Amino acid sequence: MKKIIPYSRQNITKEDINNVIKVLKSDYLTTGPLVKKFEQNICKFVNSNYSVSVNSATSALHIACKAIGLKPGDYLWTSSNSFVASSNCALYCGAKVDFVDIELSNYNIDIKLLEKKLILAKKNKKLPKIIVPVIFGGHPHDLKKLYELSRKYKFKIVEDASHALGAEYFGKKIGNCKYSHITVFSLHPVKMITTGEGGIATTNNRNYYDRMNLFKSHGITRDKKNFSFYNKESTYYEQHELGFNYRLTDIQCALGISQLKKISKFINSRIKIKNFYDKKLKKFPLILPKQKKNIKSSWHLYPVLINNNYTKKKKFQLLNYMRKNKIFVNTHYIPIHTQPYYKNLGFKKKDFKNSVYFYENELSLPIYPGLKKSDLKYIVKVIDNFFKNKNKR
């Protein structure tokens with residue numbers, strides 16, 4: 001088999017392409033009517049009051065922290081089992097970062113460990129201002145319990161739901177912000193839907209919404225009600241904050257609007273692939289992902305772990321073997337605290353053992369709409385060949 005099978009990829013239809021072409025022929029390419037329409041459609045889909053579109057989930061995390069008022073001297077806690085953006089957003093604000101280890105049942109932040117850490121932090125007067133729980137692979141954690149802790153210990157919750165557009169917790173869409181202050185989604189090509197590059201933040205708080213809009217566009221307002229000085233010119237504007245150019249374009253939003261219409265179909269395709277893997281892979285020495293009760297995962301990832309109790313083979317061997325056979329599995333994630341930059345901040349590999357264990361044993365199998373049955377059979381065959389070969393290195 002010569003073609004490459006990636007771990008994930010976009011699914012673009014003729015309808016998507018035609019909708020983008022319409023924008024290219026219109027009067028607006030950058031910030032136009034489709035930006036607002038896309039934001040409104042996201043609000044309707046997740047049932048939030050407000051949403052703010054930006055050029056990446058990283059940007060969304062940054063302006064979410066800025067909107068809440070994260071500043072030098074403050075702490076932000078997150079999971080080490082994530083991409084670096086989940087913690088970098090704190091450093092952008094001059095704040096300090098700390099991590100909470102994951103639980104090994106769903107690979108999300110361990111709520112019990114978090115509670116213990118909060119008790120100690122309160123004694124030391126180092127409570128976090130923001131906690132960024134990462135909804136790993138699209139599988140929600142215990143949102144209600146985390147929200148109860150936020151009320152008790154006075155921190156804000158910015159959900160990193162980059163993997164989780166379309167996921168549900170007790171029948172409600174992630175992003176409705178019942179149990180969070182702000183929720184962030186990624187619109188990268190490997191995610192549930194795509195705008196090329198892009199991100200979006202949802203909230204029910206009008207102040208956070210206004211401030212995120214301000215920060216995403218240079219800190220500039222054109223709303224007369226917010227002006228510090230009176231001016232008769234219709235082109236007048238004022239800069240009130242040191243903001244950024246994080247805007248999403250009408251071209252991208254045209255794609256996002258078109259993609260959002262198909263999100264249920266996309267997720268159902270992922271669930272079918274997940275069910276195939278569940279059935280075909282259970283005979284191998286692998287730990288397969290499980291979905292907890294009252295949870296609906298978006299199945300952004302299908303992570304499997306080498307089961308060390310039943311094989312001496314290592315994750316890197318399986319990963320390299322599959323890539324050699326054109327199956328581009330991936331790792332999610334190299335623990336943030338083990339990155340050289342964060343080691344220089346004082347973190348040690350042993351600090352968060354579950355995240356390290358997960359990295360050393362996990363790989364993400366291909367899962368995306370458009371993945372053919374023949375591809376899936378080939379993936380299982382390659383895994384079978386790997387475990388049958390006793391000398392595989």
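The values are calculated or read from the model by the stated rules, or taken from the named source; none is laboratory data. All of these numbers come straight from a predicted model, not from anything done at the bench. Because the Cβ atoms are built from the backbone with ideal geometry, glycine has one as well, and the counts that use them run over all protein chains shown. The area values use the complete protein model at the heavy-atom level, side chains included, leaving out ligands, DNA and RNA. Shrake-Rupley method; radii C 1.70, N 1.55, O 1.52, S 1.80 Å.
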Exercise. Please determine, by comparing only the residues of the range 178-192 that are more than 21 Å from Ile257 (Cα to Cα) and part of a loop (DSSP other than H, G, I, E, B), which one is most open to solvent (accessible area, probe 1.4 Å).
Key: Lys178
Quiz item: Residue check, Lys22 against (1) part of a helix (DSSP H, G or I); (2) of a type outside the set (Asp, Glu); (3) surrounded by fewer than 17 Cβ atoms within 10 Å (Cβ to Cβ); (4) under 23 Å from the mean Cα position of the chain (by Cα), all met but one. Which one?
Solution: (4)
Self-check item: Lone unmet requirement of (1) open to solvent by 40 Å² or more (accessible area, probe 1.4 Å); (2) out of contact with any Lys or Arg (no Cβ under 6 Å at 6 or more places or on another chain); (3) modelled with pLDDT of 95 or more for Tyr246
Solution: (2)
Self-check item: All positions within the range 218-243 that are open to solvent by 30 Å² or more (accessible area, probe 1.4 Å), in contact with a strand residue (DSSP E or B) (Cβ under 8 Å, 6 or more places away or on another chain) and not in a loop (DSSP other than H, G, I, E, B)
Solution: Ile220, Asn226, Gln239
Quiz prompt | Checking Ser297 against (1) of a type in the set (Ser, Thr, Tyr); (2) over 20 Å from the mean Cα position of the chain (by Cα); (3) open to solvent by less than 50 Å² (accessible area, probe 1.4 Å), the condition it does not meet | solution = (2)
Quiz item: Which of the following residues is within 26 Å of the chain's Cα centre (by Cα) and buried (at least 19 other Cβ atoms within 10 Å of the Cβ): Ser264, Ser269, Ser258?
Solution: Ser258
Quiz item: Would the range 249-259 turn up any residue that is hydroxyl-bearing (Ser, Thr, Tyr), touching a residue at least 60 places away in the same chain (Cβ under 8 Å) and touching a strand residue (DSSP E or B) at 6+ places or on another chain (Cβ under 8 Å)?
Solution: no
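Matching residues to (1) more than 23 Å from the chain's Cα centre (by Cα); (2) among the β-branched types (Val, Ile, Thr):
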| position | (1), (2) |
| --- | --- |
| Thr13 | yes, yes |
| Gly32 | yes, no |
| Ser56 | no, no |
| Ala67 | no, no |
Self-check item: Filter result for Ser364 (part of a helix (DSSP H, G or I), touching a strand residue (DSSP E or B) at 6+ places or on another chain (Cβ under 6 Å), surrounded by 13 or more Cβ atoms within 10 Å (Cβ to Cβ) and of a type in the set (Ser, Thr, Tyr))
Solution: no
Quiz prompt | Of the criteria (1) without any contact (Cβ under 8 Å) to a residue 12 or more places away in the chain; (2) closer than 30 Å to Asn389 by Cβ; (3) part of a loop (DSSP other than H, G, I, E, B), which one Phe284 fails | solution = (1)
Practice problem: Would you point out the residue of the range 300-324, among those that are open to solvent by less than 30 Å² (accessible area, probe 1.4 Å) and of a type in the set (S, T, N, Q), that is farthest from the chain's Cα centre (by Cα)? | Solution: Thr311
Exercise. Please give the number of the condition Ile327 fails out of (1) open to solvent by 30 Å² or more (accessible area, probe 1.4 Å); (2) over 18 Å from Tyr359 (Cα atoms).
Key: (1)
Exercise. Select from the range 312-366 the residues that are aliphatic (A, V, I, L, M) and closer than 20 Å to Val190 by Cβ and list them in ascending order.
Key: Leu319, Met322, Ile327, Val329, Ile334, Ile336, Leu363, Leu365
Quiz item: Tally time: how many residues in the range 152-175 are within 27 Å of Leu127 (Cβ to Cβ) and open to solvent by 30 Å² or more (accessible area, probe 1.4 Å)?
Solution: 3
Exercise. Among the numbered conditions (1) in a helix (DSSP H, G or I); (2) open to solvent by 10 Å² or more (accessible area, probe 1.4 Å), tell me where Glu197 comes up short.
Key: (1)
Quiz prompt | Residues located in the range 191-215, provided they are among the aliphatic types (A, V, I, L, M) and without any contact (Cβ under 8 Å) to a residue 60 or more places away in the chain | solution = Leu214
